[in-house]
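Chemist: Attaching a single structure in structure tokens format; questions to follow.
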Amino acid sequence: MKNNCLILGAGSWGTAIANVLAQNGVNTTIWARNSKITNDINILKINRKYFPKIKLSKNLKSISGHFDGSQYYFIFYVIPASNFEQYANLYLLGQKIKNLIICSKGVSKNGEYLSYLSSKLLNVKNLYFFSGPSFADEVLHGRPTAISISGKNSLEKVGRLFLKSNIRVYFSKNIKSIEFLGIIKNIYAIGSGMVEGLKLGENARAAYITRCIHEIKIALKLYNLDSNQIFSLAGLGDLLLSCSSKKSRNYKFGYMYIANKSSIKNLKKTIEGLQSAINLQRNKNFKYKSMPILNSIIKILNGENAMKEVKNLLERKFKYEKF
């Protein structure tokens, strides 16, 4: 029983986590919205939609529809953050959940944090956040990856699931700081893609990432969070990865939004940073206007001229660097 894991979400990241656990001898089941994906995993051991050429662990099982959460000691939520409230209302209300590990980075459609919604809507004994620099395809191919797991209690029991796997785990008790970092880093990754789309050069991107780090550190202090967490895997680690590679959906979206005038309406994949940028504007407690770079990214996504926003940032009063 204490080795039973349910992974909610059969997208690329959910599949990667589930496969690592199954290969590691953990009794793992992955929940898929689409019963065709469930059948493919159970019969053919492939996820045809996301990894059609990769054979998944023979130990991995899949289910669809409603389930009994009490049958699983660990439940990993790996569905887009913006769908959390809807999913919880459909499948998790009234269930006793022993350990909920949130692997999604973002906020609800109303701009609320998933930690708040978990305590408000669900009966959860222990809540954790799973965050860090991690591309799903590299994890699935067995390449070394390091992750932060944040929570208040019994972090080691979650970490034990990944012993001897390609995922190395680091622990943190700063759950709100880790959640916050996961939310905003995706928006900054969109901005980094915009820098490339605007052809501003490598100097600009290096300066951009550096100032993002500074801005995030200030934001952590503003919200009475641990500013030192900027140096964590969920902070600097995830930011550097997401802001430096077109393998990042958020980075690629930022680039395409500028370079090819990509339409938001035509998006087929979930872009967590875009959803967070839209939804955070509905959260009256989120002071994004006090964060100049983040505010400019949101303005551009709302239709403002990108080069005008770059000009506004560059023309601000010079000041001393503070650390």
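The values are calculated or read from the model by the stated rules, or taken from the named source; none is laboratory data. Keep in mind it's a predicted model, so treat the numbers as computed, not measured. Glycine also receives a Cβ, built like all others from the backbone with ideal geometry; neighbour counts cover every protein chain displayed.
Chemist: Specify the residue that is modelled with the lowest pLDDT; the eligible residues are those in segment 247-266 that are in a loop (DSSP other than H, G, I, E, B) and surrounded by 14 or more Cβ atoms within 10 Å (Cβ to Cβ).
Modeler: 262
Chemist: How about segment 20-36: which of its residues are within 21 Å of residue 72 (Cα to Cα) and not in a loop (DSSP other than H, G, I, E, B)?
Modeler: Hits for segment 20-36 are 20, 21, 22, 23, 27, 28, 29, 30, 31, 35.
Chemist: Working only within segment 2-21, note down all residues that are out of contact with any Cys (no Cβ under 9 Å at 6 or more places or on another chain) and either on the phi > 0 side of the Ramachandran plot or among the small types (Gly, Ala, Ser) (or both).
Modeler: Of everything in segment 2-21, those that are out of contact with any Cys (no Cβ under 9 Å at 6 or more places or on another chain) and either on the phi > 0 side of the Ramachandran plot or among the small types (Gly, Ala, Ser) (or both) turn out to be 10, 11, 12, 16.
Every residue, every condition in (1) hydroxyl-bearing (Ser, Thr, Tyr); (2) closer than 27 Å to residue 229 by Cα; (3) over 25 Å from the mean Cα position of the chain (by Cα); (4) part of a helix (DSSP H, G or I), yes or no:
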site: 282; (1), (2), (3), (4): no, yes, no, no
site: 285; (1), (2), (3), (4): no, yes, no, no
site: 289; (1), (2), (3), (4): no, yes, no, yes
site: 295; (1), (2), (3), (4): no, yes, no, yes
site: 298; (1), (2), (3), (4): no, yes, no, yes
site: 304; (1), (2), (3), (4): no, no, yes, no
site: 308; (1), (2), (3), (4): no, no, yes, yes
site: 320; (1), (2), (3), (4): yes, yes, yes, no
site: 323; (1), (2), (3), (4): no, yes, yes, no
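Chemist: Residue check, residue 102 against (1) over 15 Å from the mean Cα position of the chain (by Cα); (2) buried (at least 21 other Cβ atoms within 10 Å of the Cβ), all met but one. Which one?
Modeler: (1)
Chemist: Provide a single number: the residues in segment 23-59 that are surrounded by fewer than 22 Cβ atoms within 10 Å (Cβ to Cβ), in contact with a strand residue (DSSP E or B) (Cβ under 6 Å, 6 or more places away or on another chain) and not β-branched (Val, Ile, Thr).
Modeler: Residues that pass the stated criteria total 2.
Chemist: Select from segment 110-149 the residues that are within 30 Å of residue 165 (Cα to Cα) and acidic (Asp, Glu) and list them in ascending order.
Modeler: 137, 138
Chemist: Conditions first: (1) crowded, with 19+ Cβ neighbours inside 10 Å; (2) farther than 30 Å from residue 141 by Cα; (3) without any contact (Cβ under 8 Å) to a residue 24 or more places away in the chain. Residue 216 passes all but one, so which condition is the exception?
Modeler: Checking residue 216 against (1) crowded, with 19+ Cβ neighbours inside 10 Å; (2) farther than 30 Å from residue 141 by Cα; (3) without any contact (Cβ under 8 Å) to a residue 24 or more places away in the chain, the one that fails is (3).
Chemist: Something else: Residue 230 - would you say it is touching a residue at least 24 places away in the same chain (Cβ under 8 Å), surrounded by fewer than 19 Cβ atoms within 10 Å (Cβ to Cβ) and not small (Gly, Ala, Ser)?
Modeler: It is false that residue 230 is touching a residue at least 24 places away in the same chain (Cβ under 8 Å), surrounded by fewer than 19 Cβ atoms within 10 Å (Cβ to Cβ) and not small (Gly, Ala, Ser).
Chemist: Further question: Collect the residues in segment 233-246 that are surrounded by fewer than 20 Cβ atoms within 10 Å (Cβ to Cβ) and not in a helix (DSSP H, G or I), keeping them in residue-number order.
Modeler: Within segment 233-246, 244, 245, 246 qualify.
Chemist: Shifting gears a bit: Looking at segment 280-287, can you tell me whether even one residue there is in the same structural domain as residue 208 (by TED's automatic domain parsing), within 26 Å of residue 149 (Cα to Cα), of a type in the set (Phe, Trp, Tyr) and at pLDDT below 95?
Modeler: Yes, there is a match, as at least one residue in segment 280-287 is in the same structural domain as residue 208 (by TED's automatic domain parsing), within 26 Å of residue 149 (Cα to Cα), of a type in the set (Phe, Trp, Tyr) and at pLDDT below 95.
Chemist: Kindly establish whether residue 100 is under 19 Å from residue 174 (Cβ atoms) and touching a Gly at 6+ places or on another chain (Cβ under 8 Å).
Modeler: No: the conditions fail for residue 100.
Chemist: Can you tell me which of (1) more than 20 Å from the chain's Cα centre (by Cα); (2) surrounded by fewer than 20 Cβ atoms within 10 Å (Cβ to Cβ) is the one residue 62 doesn't meet?
Modeler: (2)
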